[in-house]
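Beneath this line is the structure, given in structure tokens, with notes to follow.
The values are calculated or read from the model by the stated rules, or taken from the named source; none is laboratory data. In this text the structure is predicted, and so the values were computed from the model without any measurement. Reconstructed Cβ throughout: ideal geometry from the backbone, glycine too, with neighbour counts over all protein chains shown.
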Amino acid sequence: MMPTRRPRRWAELAKRLFRTYRTTNTGLIFLAVVLVYMYLDYRHSTCPYHSGQPPKALRLDDVVLHPATLPSSSGQCKRAVRGAFDAAQETYPDLDQASARQAMKGVVMALYGAGKDAVSDAIRTHAQWEEGNIAVLQRMLRNVEALEGVRPTFVDIGANLGWFTFRHLSQGYRVVSFEPMKSNLAALLTTHCLTGPRHLHRNMHTVIAVGLSDSKQDCRLVSEEHNVGDGILECGAGDKPVAEGYHVASHMPLDTIDNLIIEGLFDPGPVSVVKIDIEGHEYFAFSGAAAWLKSSRRPKFVLTEMWQVRGTATQYVRLMADAGYEVHVRESAKSESFVRMAVPAAVDWAREWEGGKRPEQGIITDVIFAQPGIL
């Protein structure tokens with residue numbers, strides 16, 4: 001597999017040599033030399049573990065984690081991840097693994113055991129998850145690249161096990177994954193160990209281990225016993241017992257997108273596409289991104305989940321519409337199609353849906369916020 005970000009100067013030289021001297025032995029020798037230099041140049045700049053510098057030890061206490069610092073050897077990589085959990089006195093979860101080659105060449109994903117997690121079971125059985133949303137995102141990434149002339153960054157807020165992350169990382173996109181839940185972090189990092197850097201370009205992946213909200217605070221994530229990878233945020237709960245059938249999966253800090261950008265911890269790049277699925281907390285995450293939404297670097301496209309029970313849909317639609325986004329609503333719970341709504345109609349829809357007057361769209365739905373001209 002050729003690197004997605006191959007050095008342009010070597011590529012152009014190789015192309016000219018091949019066209020001019022492809023029928024001569026001397027030309028083919030020169031071409032081989034150029035290809036070797038291409039590989040060495042790419043390898044040096046994208047694999048810090050092999051650059052002659054010792055890798056920085058992985059620390060779970062860091063807000064930003066860089067998979068590129070992991071050893072390339074699968075065994076050493078897994079030991080590095082487990083060592084980071086031991087050092088942070090965090091429990092490394094029981095993880096299974098499954099090939100995702102039907103969707104991603106060469107990728108082996110770390111999953112939870114059978115019957116313990118809905119996403120894991122779907123990937124293990126069908127090698128897919130939310131393929132309709134994957135198709136929407138990939139179409140938008142291509143549209144944005146065609147319009148802007150540069151490859152966008154894919155921002156995966158609520159990365160979970162990393163299905164959306166790895167689908168796009170394996171295609172050569174730069175990916176920033178937000179995932180604060182420790183057991184899911186273990187799975188994300190272990191997938192890099194199981195797959196190796198040949199099929200997942202680690203230097204193009206950044207993991208931010210913090211939750212997003214409209215202010216700084218400390219909260220907890222609770223999970224259902226039979227869906228352990230799905231963390232539901234509870235803030236201000238203190239030592240209050242969790243609901244029957246649930247357990248506290250992780251304690252986590254929350255911060256705002258704007259703070260993370262100011263502190264240099266989150267770089268969305270000049271052009272980005274966002275998928276956000278954080279169990280009904282999506283409105284609060286973007287409420288903490290006012291400066292980003294007003295900037296020239298704001299996301300071109302956002303695919304967001306919404307929860308009816310949170311009662312924030314109307315505010316969310318208004319927030320994004322005020323920032324200049326078009327609103328596209330999923331037609332029904334069974335449909336993969338979205339319909340564009342004018343802002344007043346979208347606000348009315350959100351109010352009716354929150355009030356339970358749109359049963360065809362279910363209690364959880366997806367909405368697209370797009371800059372004009374993207375769709």
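If you check Leu185, Leu194 for being closer than 18 Å to Pro93 by Cβ, touching an Asp or Glu at 6+ places or on another chain (Cβ under 8 Å) and either in contact (Cβ under 8 Å) with a residue 40 or more places away in the chain or not in a strand (DSSP E or B) (or both), only one passes: Leu185. Within region 94-117, is even one residue in contact with a Gly (Cβ under 8 Å, 6 or more places away or on another chain), closer than 24 Å to Thr365 by Cβ and modelled with pLDDT of 90 or more? Taking every residue of region 94-117 in turn, at least one turns out to be in contact with a Gly (Cβ under 8 Å, 6 or more places away or on another chain), closer than 24 Å to Thr365 by Cβ and modelled with pLDDT of 90 or more.
Here's the yes/no breakdown for (1) assigned to a strand (DSSP E or B); (2) over 22 Å from Arg198 (Cα atoms); (3) more than 15 Å from the chain's Cα centre (by Cα); (4) not polar (S, T, N, Q):
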| residue | (1), (2), (3), (4) |
| --- | --- |
| Asp94 | no, yes, yes, yes |
| Gly113 | no, yes, yes, yes |
| Lys116 | no, yes, yes, yes |
| Asn133 | no, yes, no, no |
| Ala159 | no, no, no, yes |
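If the condition is being small (Gly, Ala, Ser) and under 25 Å from Arg220 (Cβ atoms), then region 164-204 contributes Ser177, Ser183, Ala186, Ala187.
Restricting attention to region 158-170, the residues that are buried (at least 24 other Cβ atoms within 10 Å of the Cβ) and more than 13 Å from Leu188 (Cα to Cα) add up to 1.
Counting only residues that are touching a helix residue (DSSP H, G or I) at 6+ places or on another chain (Cβ under 6 Å) and at pLDDT below 95, region 312-338 holds 4 of them. In region 190-201, the qualifying residues are those that are closer than 20 Å to Gly172 by Cβ and at pLDDT 95 or above, and the one that is surrounded by the fewest Cβ atoms within 10 Å (Cβ to Cβ) is Leu194. Tell me, please, whether a residue that is at pLDDT 95 or above, among the aliphatic types (A, V, I, L, M), touching a strand residue (DSSP E or B) at 6+ places or on another chain (Cβ under 7 Å) and assigned by TED's automatic domain parsing to the domain that holds Met204 can be found in region 73-81. Within region 73-81, none of the residues are at pLDDT 95 or above, among the aliphatic types (A, V, I, L, M), touching a strand residue (DSSP E or B) at 6+ places or on another chain (Cβ under 7 Å) and assigned by TED's automatic domain parsing to the domain that holds Met204.
Among the listed residues Thr206, Thr125, which satisfies the condition of being without any contact (Cβ under 8 Å) to a residue 40 or more places away in the chain and either surrounded by fewer than 22 Cβ atoms within 10 Å (Cβ to Cβ) or among the β-branched types (Val, Ile, Thr) (or both)? Spell out the reasoning first.
Details: Thr206 fails: without any contact (Cβ under 8 Å) to a residue 40 or more places away in the chain.
It is Thr125.
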